[in-house]
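Report on the following structure.
The values are calculated or read from the model by the stated rules, or taken from the named source; none is laboratory data. Here the structure is a predicted model, which means the values were calculated and not measured. Glycine gets a Cβ as well: all are built from the backbone with ideal geometry, and neighbour counts include every protein chain shown. These area figures cover heavy atoms from the full protein model, side chains too; ligands, DNA and RNA do not enter into them. Shrake-Rupley method; radii C 1.70, N 1.55, O 1.52, S 1.80 Å.
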Amino acid sequence: MAEVRVKPEAPDPVDIESRIIELCHQFPHGITDQVIQNDMPHMEAQQRAMAINRLLSMGQLDLLRSNAGLLYRIKESQNASKMKGSDNQEKLVYQIIEDAGNKGIWSRDIRYKSNLPLTEINKILKNLESKKLIKAVKSVAASKKKVYMLYNLQPDRSVTGGAWYSDQDFESEFVEVLNQQCFKFLQSKAEAARESKQNPMIQRNSSFASSHEVWKYICELGISKVELSMEDIETILNTLIYDGKVEMTIIAAKEGTVGSVDGQMKLYRAVSPLLQPTGLVRTPCGLCPVFDDCHEGGEISPSNCIYMTEWLEY
């Protein structure tokens with residue numbers, strides 16, 4: 001009697017899609033078409049392609065490019081609804097921008113990672129901007145270039161320049177005012193300590209102020225149009241340290257103490273130099289960080305030094 005062979009039933013498309021999703025969860029960094037093929041060797045290529053395309057169209061998978069070829073990665077439900085109805089190229093560009101985070105990415109780098117033509121990328125970027133999924137932000141590092149990031153992200157300080165920049169222009173006058181006011185506060189703290197007529201050690205300790213105290217003082221003055229953080233104030237205080245006007249010490253602090261970070265607190269106090277600098281050091285050349293590169297005929301030279309001109313006129 002001849003052997004009867006039973007033709008296996010075609011797998012249910014829903015089962016194929018469910019298995020692909022399971023594989024993506026097992027390999028969160030993404031899977032290749034070969035991984036799917038090895039897991040389901042009896043499935044035809046057409047069935048595999050139909051299942052992948054359906055998952056991509058429903059926004060459940062991300063399509064990425066790598067050295068190994070195309071990668072399929074599980075998509076967060078938050079972003080799945082946003083990209084519903086978008087084609088694969090648009091999803092790829094969106095994913096590249098999302099991976100860049102709040103530092104953003106240039107269109108040139110998007111082109112490099114996606115291998116798409118520049119005209120196609122520009123079209124996709126405009127479309128994503130119109131949907132308010134991404135936004136273009138000017139970078140202080142390159143005034144004529146824009147970086148792209150997700151619409152709801154706050155740009156990193158390295159992109160905007162933080163509180164010290166306005167429309168990509170460095171606010172030198174604003175920084176100088178903050179510098180003066182921070183030093184004035186620390187000076188008043190030191191004078192109050194000296195007038196207390198207590199023993200020298202207590203006077204010294206009471207002359208210190210935390211960065212939180214300085215930050216609170218600046219906020220109460222209302223001289224800033226932008227919201228300043230403690231990190232911003234510590235940046236100003238560091239410039240005073242470099243100028244020799246302030247010194248800093250770090251002490252241990254109890255958990256939850258205002259102004260403390262990881263059980264430590266930075267304290268600052270105004271100081272006076274024990275000895276006045278010599279005449280040569282008072283010149284711009286004495287403190288110039290590019291002194292060794294300064295020579296006549298070069299990009300940096302005494303004849304075009306604005307600091308030397310200001311010092312001579314003073």
**Report entry** Which numbered condition LEU116 misses (of (1) out of contact with any Asp or Glu (no Cβ under 9 Å at 6 or more places or on another chain); (2) over 20 Å from GLY69 (Cα atoms); (3) at pLDDT below 90; (4) aliphatic (A, V, I, L, M))
**Finding:** (2)
Query raised in the report: Based on what the data block shows, is LEU150 farther than 30 Å from ILE236 by Cβ and over 18 Å from the mean Cα position of the chain (by Cα)?
Result: no
**Report entry** Residue within the stretch 65-73 that is over 25 Å from GLU120 (Cα atoms), assigned to a loop (DSSP other than H, G, I, E, B) and at pLDDT below 85 present
**Finding:** no
Requested in this report: For ALA193, work out the one condition from (1) among the aliphatic types (A, V, I, L, M); (2) assigned by the TED database to the domain that holds ARG111; (3) within 18 Å of LEU267 (Cβ to Cβ) it doesn't fulfil.
Outcome: (2)
Report summary line: Counting only helices (runs of 4 or more DSSP H) wholly inside the stretch 193-243, the ones holding at least 1 residues that are within 26 Å of ASP156 (Cα to Cα) and open to solvent by 60 Å² or more (accessible area, probe 1.4 Å) are 211-221, 230-242
Query raised in the report: If you go through the stretch 128-139 one residue at a time, do you hit one that is at pLDDT below 80, crowded, with 16+ Cβ neighbours inside 10 Å and not in a helix (DSSP H, G or I)?
Result: yes
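With a cut-off of at least 3 residues that are under 13 Å from LYS75 (Cα atoms) and modelled with pLDDT of 75 or more, name the helices (runs of 4 or more DSSP H) lying wholly within the stretch 4-61.
Ranges flagged: 13-26, 45-57.
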Report task. Take the stretch 110-122 and flag every residue that is assigned to a helix (DSSP H, G or I) and either in the same structural domain as LEU70 (by the TED database) or surrounded by 15 or more Cβ atoms within 10 Å (Cβ to Cβ) (or both). Result -> ILE110, ARG111, LYS113, SER114, ILE121
**Report entry** In the stretch 262-314, the residues that are within 30 Å of TYR217 (Cα to Cα), out of contact with any Gly (no Cβ under 7 Å at 6 or more places or on another chain) and at pLDDT 75 or above
**Finding:** GLY263, GLN264, LYS266, LEU267, TYR268, ARG269, ALA270, VAL271, SER272
